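Following: one structure in structure tokens, then a few remarks.
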Amino acid sequence: MTSQSLHVLVVAALAARALGAQSLAMDSSQAWKHGAVCYEIFVRSFYDSDGDGIGDFNGLTQKLDYVKDLGVKCVWLMPIMASPSYHGYDATDYYRVEPDYGTNADFKRLVAAAHARGLRVFIDMVLNHASSEHPYFLEATRDTASPHRSWFRFSKTKPDVKGPWGQEVWHKSPVRDEYYYGIFWSGMPDLNYETPAVREEANKVARFWIDQMGVDGFRLDAVPYLVEEGNALAGTRRTHDVLRAYAAALKRMAPGVFTVGEVWDSVGAMLPYYPDQLDAYFAFELSDAIMNAVRSGSGTHVLDGYMRLQRTHPPTRWSPFLRNHDQTRTMTELRGDTDKAKLAATLLLTLPGLPFVYYGEEIGMTGDKPDERLRTPMHWTRANHAGFTRGTPWEALQPDSMTANVAAQTADTASLLNHYRRLIRLRAQNSAIASGELVPLAAHDTSVVAYLRRDTRRAVLVVANLGASAVSNLGLTSDDAAAQRIIARVALPPIAPRRAYILPLRP
Ligand code: CA
């Protein structure tokens with residue numbers, strides 16, 4: 001028996017054993033997070049229902065059974081509001097969906113169809129900035145007496161300040177001799193959250209999407225940049241105040257609403273955003289740790305960030321992932337090595353947190369900068385354009401769409417896709433992996449990462465060999481006496497290169 005098939009058997013047996021084991025005493029509005037995995041979707045690239053080459057809400061609705069079958073409990077849709085850009089991170093109307101994707105009614109049907117399948121729907125909410133084509137910005141730029149003038153930041157002279165990446169942040173007005181502030185790009189003027197009407201509008205927009213459109217939560221874009229204080233452009237005290245008030249307002253509207261924020265920084269830099277602002281934040285450092293470990297073959301520091309977060313916050317409040325829509329895709333970074341991609345998925349989905357998986361990662365889609373190439377159309381079948389559209393795709397597909405596609409990988413039990421499906425189900429069904437404590441184990445081999453996940457009812461041992469050589473007679477030790485007793489009973493078989501064991505144990 002190969003170690004791969006053993007791995008598969010162990011996971012399958014474990015999943016079967018753990019069925020019906022979910023009864024934690026949680027607020028019912030929070031219970032969904034237990035063992036949940038969320039799936040990040042770029043609507044433009046998921047599935048085109050009408051042949052114009054652009055993915056749309058009706059197309060996504062048709063593919064919801066695929067999403068449900070992955071085993072995920074929630075989806076995050078990248079921006080869906082009306083926008084002049086292909087990515088949508090610059091809205092021109094916060095109350096209307098992007099016409100390329102359909103109508104508000106199409107979106108509501110999508111949400112209803114998702115809810116019917118037990119899937120929560122989170123949407124990208126871009127509070128920091130609007131589009132330079134937003135009517136309020138156009139009006140404020142043209143008319144200095146506009147009531148929306150104070151919604152943005154204008155300056156007669158160009159302040160002597162650069163952005164965190166050395167970029168220009170004050171941009172020349174197109175209509176008069178003045179400048180406006182936009183941290184990311186001249187096409188994205190920052191909204192001014194010092195103006196009470198802007199804060200009120202942000203609440204009104206959230207209420208619209210919750211009450212009228214039925215969404216279950218928001219992924220908050222670029223939250224460190226909400227309020228500037230002089231030359232301090234990120235992570236200011238006023239930014240935390242605004243986030244705190246916004247989150248409190250959302251909880252009053254809908255106690256079960258979920259918020260997850262983008263703080264693209266280290267674990268240490270995430271911590272000031274707790275305890276009373278958003279529900280969760282993406283843990284970029286954990287993602288980099290997994291990717292670095294798998295790429296380099298060394299497991300030495302992969303758990304450090306996890307341990308720091310575990311000590312400070314419950315695992316439902318931080319979200320690991322492998323790669324997102326702004327980063328080189330996993331399979332590209334791992335140079336096409338499917339075994340490494342499986343290892344990365346195994347670590348992500350057996351370690352704590354509320355993980356997110358970017359669409360296409362589960363089939364090993366490739367992609368590198370520029371950004372459009374990180375967000376290419378999903379590969380469904382071996383048909384023309386990988387079954388994404390019957391028209392001409394808005395962006396060329398990746399060259400491996402004939403092999404890395406859902407149909408081919410569904411038929412192959414050893415595929416990356418089926419690996420993801422098994423792990424996502426295991427996480428949903430096994431309480432120790434879902435929300436148990438992470439106990440790191442010391443291994444006498446730096447290419448091995450080993451840990452226990454345990455709760456009061458069960459324990460699971462995960463041992464991954466990240467290296468290129470087999471590991472035999474592996475010694476594992478723990479300072480934790482109970483963990484040491486558990487692992488002392490285990491006789492590990494040799495571990496093949498780039499393979500992992502997931503072993504259920506008596507606690
Ligand atoms: Ca379309």
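Here are the numbers for the structure shown:
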quantity	calculated
Residue within the stretch 346-359 that is crowded, with 22+ Cβ neighbours inside 10 Å, free of Cβ contacts under 8 Å to residues at least 40 places away in the same chain, in the same structural domain as Asn418 (by TED's automatic domain parsing) and of a type outside the set (Ser, Thr, Tyr) present	no
Where a residue in the stretch 171-187 is in contact (Cβ under 8 Å) with a residue 60 or more places away in the chain and its partner, wherever it lies, is part of a loop (DSSP other than H, G, I, E, B), with Cβ under 6 Å and at least six apart	Gly187/Asp90; Gly187/Ser132
Complete set of residues in the stretch 361-383 that are polar (S, T, N, Q) and within 16 Å of the ligand (Cβ to nearest atom)	Thr376
Odd one out for Ala396, checked against (1) closer than 19 Å to Ala341 by Cα; (2) within 25 Å of the chain's Cα centre (by Cα); (3) among the small types (Gly, Ala, Ser); (4) surrounded by fewer than 21 Cβ atoms within 10 Å (Cβ to Cβ)	(1)
Restricting the stretch 123-152 to residues that are out of contact with any Pro (no Cβ under 7 Å at 6 or more places or on another chain) and in contact (Cβ under 8 Å) with a residue 60 or more places away in the chain, the residue that is farthest from Tyr181 (Cα to Cα)	Ile123
Condition check for Gly59: over 14 Å from Phe107 (Cα atoms) and either of a type in the set (S, T, N, Q) or outside any strand (DSSP E or B) (or both)	no
Contacts under 6 angstrom Cβ, first residue in the stretch 97-114 being closer than 18 Å to Met125 by Cβ and away from the ligand (no atom under 12 Å from the Cβ), partner of a type in the set (Val, Ile, Thr) and at pLDDT 95 or above, 6 or more apart	Val97/Ile80; Asn104/Val97; Phe107/Val97; Leu110/Thr61; Val111/Val121; Ala114/Val121
Residue that is assigned to a loop (DSSP other than H, G, I, E, B) and more than 16 Å from the ligand (Cβ to nearest atom), where the choices are Gln409, Gln398	Gln398
Scan of the stretch 233-263 for residues that are free of Cβ contacts under 8 Å to residues at least 40 places away in the same chain and of a type in the set (A, V, I, L, M, F, W, C), ordered by number	Leu243, Ala247, Ala248
Matching helices (runs of 4 or more DSSP H) fully within the stretch 221-329 where at least 1 residues are under 23 Å from Leu466 (Cα atoms)	284-296, 304-312
Ser150 vs. criteria among the small types (Gly, Ala, Ser), away from the ligand (no atom under 16 Å from the Cβ) and not assigned by TED's automatic domain parsing to the domain that holds Val215	yes
Residue count for the stretch 29-48, restricted to those that are part of a loop (DSSP other than H, G, I, E, B) and either more than 8 Å from the ligand (Cβ to nearest atom) or surrounded by fewer than 20 Cβ atoms within 10 Å (Cβ to Cβ) (or both)	9
Residue in the stretch 88-96 that is within 15 Å of the ligand (Cβ to nearest atom) and surrounded by fewer than 24 Cβ atoms within 10 Å (Cβ to Cβ) present	no
Selection from the stretch 137-148 of residues that are assigned to a helix (DSSP H, G or I) and surrounded by fewer than 17 Cβ atoms within 10 Å (Cβ to Cβ)	Glu139, Arg142
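The values are calculated or read from the model by the stated rules, or taken from the named source; none is laboratory data. No experiment lies behind these values; they were computed from the predicted model shown. All Cβ positions, even for glycine, are placed from backbone atoms using ideal geometry, and neighbour counts span all protein chains on display.
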